[in-house]
Every structure is written in structure tokens, then in C-alpha cells.
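Enquirer: Sharing a structure, written as C-alpha cells. Questions coming.
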Amino acid sequence: MNLKEFYNYHVKKYYKTGFLVLLLVFFLSSFFFLLNSDVAMKVIDKFMENVGKNIVLDGKVSAIGLIRNNITACLVMVLLGLIPYLFLPYVSLIINGAVIGAALGMIVAKLGMVGYLAFILSVVPHGIFEIPAIVLSFALGVSVCKYLMDRMNKVPTTTGKTFFLNLSKMFFLVIVPLLLVAGVVEAYVTPLISSLVM
């Protein structure tokens, strides 16, 4: 089984589901946080309190800190799948969607209508690389969970060696490069673009 076959057989359906879940959570949370901007600010403040020390150095966003933080978060999402039946990667994906929605609520609260443009400019440049990586990590985590359930229930499936070898390849050959590019763009390109409206 090559990487493409592994993706089509074990990952593809969860990848599509992940995008739908992320979009749904984002839109629902955006609606809530736009109406409750004070809550949005508290959520973002808490988020930055937890991860800010890893990604902000001397007042500037660190590409290395971003990359390290994002790789760790995506790896955790995959590893959550090692707990069968609970499908914990969904929890992590929902949190990500809610944080993005809170960011929109906070920016619009500060800037008004121009905040929508500011949000797009501050998320899209690196988001086109980071979001697919996050969703793919979710899909790998869910596929691990489902794979372990199949093995426990003696459902015929891919051998363990083939499954986990391909999963590792997909993480290191697809997800990590996406996050490397996303980190560089977020640290060096996004601030320049965002400064046009913020």
C-alpha cells in the first residue's frame, strides 16, 4: 500500500469530514463571539497566555516558535487517536475552530467592519497551509482510532506495520512541510499584510 492508497482508504473521508466540522464550528462560534466580543477577548487572552510564551520573543512572532507549537499541536491531535472509541481528535478540532471564531469576534470588536478584512488578511496567507495540516492531523487521528477499533473487533484491515508506516510518512512528508511554510509565512508575511489595515 503506497501513500496515496493509504490516504484514499484510511484518511480521505475523515479529511472531508474534518473540513466540514471545522467550518461549521467556525461559523457558529463566529456568530456567538461577534455577539459576545468580551468573551472572545477572554478566550484569545487565555489562548495567548498558554501558547504566547512559545511563539512571541522580544515582542515579535517567532517562526521557529510557531512551527514548534503547531507541529506539537498536530502531533497531539494524531496521538489522541490512540485512545479507541472516544474519537478525541474531534475535541481538538472543535477547539481550533472555536479559537479562530473568537479571533474574528475580537478583531471585529476592535476595528468594526474593517475587522472582517483584517481577519482575512491575518489568517488567509498562512491559513492556506496551516488549516489543511490541522485537518489532515485530525483525519490521521480519527483514522488511528478507527483502525484500533477494527483491530480490537477483529475486522479485516491493513497490517499494523503498513498502517503506521504510512501514517508516519504522511505526517512527516505532508503535515510537517505544510507547517514549516505556514510558520514562515505567519512570522514574516502575515504581519506585513495585516499592517495595511490594522
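All of the numbers you see were taken from the coordinates with simple rules; none came from a lab. Owing to the predicted nature of the structure, the values given are computational and were not obtained by experimental measurement. Backbone-built Cβ (ideal geometry, glycine too); neighbour counts: all protein chains shown.
Enquirer: Within the chain, which whole H helices from DSSP have a Cα span along their axis of at least 18 Å and a mean Kyte-Doolittle hydropathy of -1.0 or more, if any?
Expert: Values: long enough: 12-35 (35 Å, 1.45); 37-55 (25 Å, -0.02); 63-79 (24 Å, 1.69); 89-111 (33 Å, 1.69); 114-152 (53 Å, 1.39).
Membrane-span-like by this criterion, though nothing is claimed about a membrane: 12-35, 37-55, 63-79, 89-111, 114-152.
Enquirer: Give the separation of the Cα centroids, the range 1-25 to the range 104-151, in Å.
Expert: The two parts, judged by their Cα centres, are 15 Å apart.
Enquirer: Please state the Cα pair-distance histogram of the range 1-72 with 10 angstrom bins from zero: what percent is in each bin?
Expert: P(r) for the range 1-72, in whole percents per bin: 17, 24, 35, 20, 5, 0.
Enquirer: How large is log10 of I(q)/I(0) for the chain at q = 0.09, 0.13, 0.14 Å⁻¹ when the intensity is taken from the Debye formula with one equal scatterer per alpha-carbon?
Expert: Log10 I(q)/I(0), no solvent term: -0.37, -0.73, -0.83.
Enquirer: Using Cβ counts within 10 Å as a stand-in for footprinting exposure, how do Phe138, Phe27 rank, fewest first?
Expert: Details: Phe138 29, Phe27 13.
Sorted ascending by nearby Cβ count, the order is Phe27, Phe138.
Enquirer: If you take the Cα atoms of the range 102-168, find Rg, then find the Kirkwood Rh from the mean of 1/r over all pairs, what is Rg/Rh? It would help to have the intermediate numbers written out before the result.
Expert: Numbers: Rg = 19.5 Å, Rh = 14.9 Å.
Reported Rg/Rh (Cα atoms, Kirkwood Rh): 1.31.
Enquirer: How large is the dipole of the chain about the Cα centre if only Lys and Arg carry +1 and Asp and Glu carry -1, each at its Cβ, rounded to the nearest 20 debye? Write out the running numbers ahead of the final one.
Expert: Values: 15 positive and 8 negative charges, 127 e Å.
That gives the chain a dipole magnitude of about 620 debye.
Enquirer: Could you line up Leu35, Leu80, Leu88 from fewest to most neighbouring Cβ atoms inside 10 Å? Mind dumping the intermediate values first?
Expert: On the way: Leu35 10, Leu80 21, Leu88 18.
The order, fewest Cβ neighbours first, is Leu35, Leu88, Leu80.
Enquirer: Same structure, new question: Return Val114, Val25 ranked ascending by Cβ neighbour count within 10 Å, so the fewest neighbours appear first. List each step's numbers first, then the result.
Expert: On the way: Val114 13, Val25 20.
Ascending Cβ contact count within 10 Å gives the list Val114, Val25.
Enquirer: Another question, then. With 28 Å as the limit, write out which pairs from Lys42/Lys146; Lys12/Lys161; Lys46/Lys110; Lys4/Lys46; Lys12/Lys46; Lys146/Lys169 have Cα-Cα distances beyond it, or answer none. Kindly include the intermediate steps, with their values, before the conclusion.
Expert: Details: Lys42/Lys146 35 Å; Lys12/Lys161 20 Å; Lys46/Lys110 18 Å; Lys4/Lys46 39 Å; Lys12/Lys46 33 Å; Lys146/Lys169 19 Å.
The answer is Lys42/Lys146; Lys4/Lys46; Lys12/Lys46.
Enquirer: Once Lys and Arg get +1 and Asp and Glu get -1 on their Cβ, which of Asn2, Cys145, Leu35 lies farthest toward the positive end of the dipole of the chain?
Expert: Looking along the dipole axis, the top candidate is Asn2.
Enquirer: While we're looking at this one, here's another question. To the nearest 0.05, what FRET efficiency results for Phe27 and Leu79 with a Förster distance of 35 Å applied to their C-beta separation?
Expert: Working: r = 28 Å, r/R0 = 0.81.
Taking R0 as 35 Å, the efficiency between Phe27 and Leu79 is 0.80.
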